[in-house]
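What follows is calculated from the coordinates using simple rules that are stated; it is not laboratory data. Values in this document were obtained by computation on a predicted structure and should not be read as measured data. Heads up, the Cβs are rebuilt from the backbone with ideal geometry, glycines too, and the neighbour counts pull from every protein chain shown.
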Amino acid sequence: MTDFSDRVERVSISGIREVFEAAGDDAINLGLGQPDFPTPDHVREAAIEAIEAGDVDAYTSNKGTRELREAIAAKYDRDNDFAVDPENIVATSGGSEALHLAIEAHVDAGEEVIFPDPGFVSYDALTHIAGGEPNPVSLRDDLTLSPADVEAAITDDTAMFVVNSPANPTGAVQSEADMREFARIAADHDVVCLSDEVYEPFVFDGVHRSPAAFDETGNVVVVNAASKAYSMTGWRLGWVTGTSERIDRMLRVHQYAQACASAPAQYAAEAALSGPQEPVEEMRSAFETRRDVLVDGLEDMGLSVPTPKGAFYAMPEVPDGWTDEVIDRGVVVVPGEAFGDAGAGHARISYAVDVETLKDALEVMGEATAALR
Ligand SMILES: Cc1ncc(COP(=O)(O)O)c(C=O)c1O
């Protein structure tokens, strides 16, 4: 009998896929974690040109092309209030690999990683893969992560805590005051604050701030990606930034696991970051309209839902049996417990579908809710 590693035995395949399979082919899918828009034309064209010019036939530098890293640094100058040196960036195979590098490079066997519960599924799984111990922290009533709760959860064994804003699965956006606190906590306790910012452009109320803007000690590591911002989930291009020492350690993992991110995707992401940003604003504005339709519809059926301020997810509180009832009636939503124990009694609804489809789905959800009363 093969003896598999305990680290990997503790990880299971995400429950989200099973929900899709249970729902049948003509179901309305509100389980999706990706924008329903095409990758912008100028981005596709940049990749085609790079392929035709023969620019993508060889490995790039391990960190990614200099041009891509300069485009990423220019994005921080343009959109954020902190600077990033192109040398302190590693281009990765999606935000997923960037999260993996950050956790692998900073977490020793038995060390704890604090993350939001409910939270994105990778934080728990990647902690196990690194041999660490997950330490999930429940969210506040408005589904944001409380800095005080994070600080209270820190022990001598804590290596890292994860902040994700705008958040999957809740759509919550952390305030500037929270982000300032997260940076302070990371410094005071000398732990890493891993900030997952892949939904950065999709904010409807307030503004996106990164804890890196308040980081005076180099304790914040930022992960981002072209995946959601430019509707490029299939291209697999993300990045991680941090101090040169942290980048050096993350590069060691990346070099042996990946060598470099896909070259065509690097050219595409460079065009996405440095080209026109209107497609991003079009998506943001479409998501905001849909957010309003969804929240109104859920409230009309008597469900309680903190208004999501970003991303493209809502997480209402739902009665027992609601998720199954909705899925049986042909609308895919994801049970909250797929994102952690504290997600129980909630469902994640993605609104990466057009308004008409969303209204059809709301009708079905309304019938399911009435049937349970
Ligand atoms: C919060 C969050 N972080 C990171 C990722 C990973 O994104 P990707 O690997 O597609 O860039 C996702 C994908 O759903 C996500 O929701």
TODO: Give the angle, between 0 and 90 degrees and rounded to the nearest 10, that separates the Cα long axis of helix 263-274 from the longest principal axis of the Cα atoms of the chain.
DONE: 80 degrees
Open item on the list: So if the hydrodynamic radius of the chain is defined as the Kirkwood radius over C-alpha pairs, what does Stokes-Einstein give as its diffusion coefficient at 20 °C and 1.002 mPa s, in µm² per second?
Closed with: 102 µm²/s
Task: Inter-site label distance for residue 55 and residue 356 at 7 Å from Cα along Cβ, in nm - done: 3.9 nm
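Show me 349-356, 140-147, 121-128 ranked by packing, highest mean number of other Cβ atoms within 10 Å first.
Put in order of decreasing packing, that is 121-128, 349-356, 140-147.
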Open item on the list: How tilted is helix 278-300 with respect to the longest principal axis of the chain? Cα atoms for both, answer in degrees (0 to 90, nearest 10).
Closed with: 30 degrees
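Once the Cβ-Cβ distance between residue 13 and residue 155 is put in as r, and R0 is 35 Å, what FRET efficiency do you end up with, to the nearest 0.05?
Working: r = 30 Å, r/R0 = 0.86.
E(calc), rounded to 0.05, equals 0.70.
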- [ ] Note the full-extension length gain between residue 282 and residue 299 as 0.36 nm times their separation in residues minus their Cα-Cα distance, in nm to one decimal.
- [x] 3.5 nm
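Using Cα pairs under 8 angstrom and six or more residues apart, how large is the relative contact order of the range 41-274, in percent? Don't skip to the answer; put the middle values down first.
Working: 463 pairs, mean separation 69.6, N = 234.
It rounds to 30 percent for the range 41-274.
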Task: Amide H contacts under 5 Å for residue 372, placed H, 5+ residues apart - done: none
Task: At R0 = 41 Å, FRET efficiency that the Cβ-Cβ distance of residue 337 and residue 81 yields, to 0.05 - done: 0.65
Task: Distance (nanometres) between label positions extended 7 Å along Cα→Cβ at residue 25 and residue 42 - done: 4.0 nm
Task: Listed peptides 228-238, 279-289 by packing density, highest first (mean Cβ within 10 Å) - done: 228-238, 279-289
TODO: Please give the helix 94-106 orientation as an angle from the longest Cα principal axis of the chain, in degrees from 0 to 90, rounded to the nearest 10.
DONE: 60 degrees
- [ ] Using a Förster distance of 45 angstrom, determine the FRET efficiency expected from the C-beta separation of residue 176 and residue 2, and round it to 0.05.
- [x] 0.35
Task: Computed over the range 196-311: relative contact order in percent, which uses C-alpha pairs under 8 Å that are six or more apart - done: 32 percent
Task: Estimated inter-spin distance, residue 217 and residue 344, nm [label 7 Å along Cα→Cβ] - done: 3.6 nm
